[in-house]
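Below is one structure, written out as structure tokens, with a few remarks after it.
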């Protein structure tokens, strides 16, 4: 650095702030002392070095913490069943090391096959390759060591050991683990074998299943969710339909609460399960549905009349848009299952769920207003000579009387399925139909009512829609 004597003169700050007066400058005036440039530079450099040292120490502290974390991590142990000294691939899951054969992992177009075929670059003697030693294993995440051990048991299994999975006593939990992991790592044929075996066992193809998760009429909600999600990931349509049907029947029979099914149906877009779950949830919330919704404030009275749903639902939908959650208490339930209530059953309804319930409430009430005045049509059977002016008119009269009967109106205004079934029971016991209708017309009329009940139940999902999304 050059000496201060040869440095360019520095203009003092006061000279910049106050310009000199007009005329010649006062040469005898004592100039402001010049700041010591060299000392300032040294101080700046010292400050920079101090900041760098601080940053370096912080970085070293973070690195030291990571190193200490790795040092204090539980040491990996060899798996008792699947650590073969003669194998050529080391995999670490949690704190367990597995040493297995690469050719088993690389078959069936799996992701391991793609992994092993990746170029490794120029190998150096001092650089260990991943997967060839305990010090540099292949790390897998997302499953437990026990789950990976079950996965390997299928890859190493003999034919008679695999056959045990296709029996009535098959372990459903192990089958689910096998199907999930083989699908995750893209073992195509193995995953399809596992999920097909799962369907065969749960559907009773090999006899009544003995595993608690195998009988879907008694399985817990958590078991149904797990089986259905595995079936969805593997794309097994028959297992999906079977689980949805079994779950829907148990919800309709009040054996299981509907809220978990609402969440799963929305996640996977399962119309059949969604319709039943939302419908039963709506029925459990009571006839005064619109009055029981509380979104921070009591918007309506709980004494809302049965035939005034339109204005109430419209008001709730309008206010609902700005709320994240609607606090709707879960109704008391007595089920045959001894499992404790899950988080899905006790959590408040979400905004989207509440919108669907609101639109479904209005749609179901509107549907009943139409059906109670318009009985289903039925064809004229052979041999009926007085069909239109006799059988049809009589059936309409009996239908209208049954629709407004006290037995029917005891059901909620949105409980269309319940009201239709009540009307159907009254029609079957009606002496007027038995006397005024020909046997053929009565048979066709009751068949039309039964079909109407089925159509309404199958079309429930179309009633419970998020109108804010549909309108966009």
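Relative contact order of the stretch 182-275: what whole-number percent is it, with Cα pairs under 8 angstrom and at least 6 residues apart? If you can, show how the numbers build up before the last one.
Details: 71 pairs, mean separation 19.7, N = 94.
Computed value for the stretch 182-275: 21 percent relative contact order.
Per 10 Å bin, what percent of the C-alpha pairs of the stretch 372-462 does each bin hold, from zero upward?
Whole-percent P(r) values from 0 Å outward: 17, 50, 27, 7, 0.
Sort the following peptides by mean Cβ neighbour count (other Cβ atoms within 10 Å, averaged over residues), highest first: 238-246, 382-390. Numbers along the way, then the final one.
Numbers: 238-246: 19.3, 382-390: 11.8.
Per-residue mean Cβ counts within 10 Å order the peptides as 238-246, 382-390.
Just rank 201, 77, fewest to most, by other beta-carbon atoms within 10 angstrom.
Working: 201 26, 77 12.
Ordered by Cβ neighbours within 10 Å, fewest first: 77, 201.
Do you know the relative contact order of the stretch 372-462, to the nearest whole percent, from alpha carbon pairs under 8 angstrom that are 6+ apart? Please report the intermediate quantities before stating the final value.
Details: 77 pairs, mean separation 37.1, N = 91.
This gives 41 percent for the stretch 372-462.
What nm distance separates the two modelled labels at residue 141 and residue 467, each placed 7 Å from Cα along Cα→Cβ?
4.5 nm
Residue 81 to residue 432: extension gain in nm, 0.36 nm per residue of separation minus the Cα-Cα distance?
Details: separation 351, 0.36 × 351 = 126.36 nm, distance 7.56 nm.
Between residue 81 and residue 432, full extension yields 118.8 nm more.
Mind computing the radius of gyration and Dmax over the alpha-carbon atoms of the stretch 157-256? Å is fine for both.
Cα-based Rg and Dmax for the stretch 157-256 come out at 13.0, 44 Å.
Compute the distribution of all C-alpha to C-alpha distances in the stretch 343-388, in bins of 10 Å from 0, and list the percent of pairs in each, rounded to whole numbers.
20, 24, 20, 17, 10, 8, 0
If we sort 189-195, 263-269 on the protection proxy, mean other Cβ atoms within 10 Å, highest first, what's the order? Present the calculation step by step, with values, prior to reporting the outcome.
Working: 189-195: 20.6, 263-269: 17.1.
Order by mean packing, descending: 189-195, 263-269.
All of the numbers you see were taken from the coordinates with simple rules; none came from a lab. What you see is a predicted model, and the numbers here were worked out from it, not measured in a lab. Because the Cβ atoms are built from the backbone with ideal geometry, glycine has one as well, and the counts that use them run over all protein chains shown.
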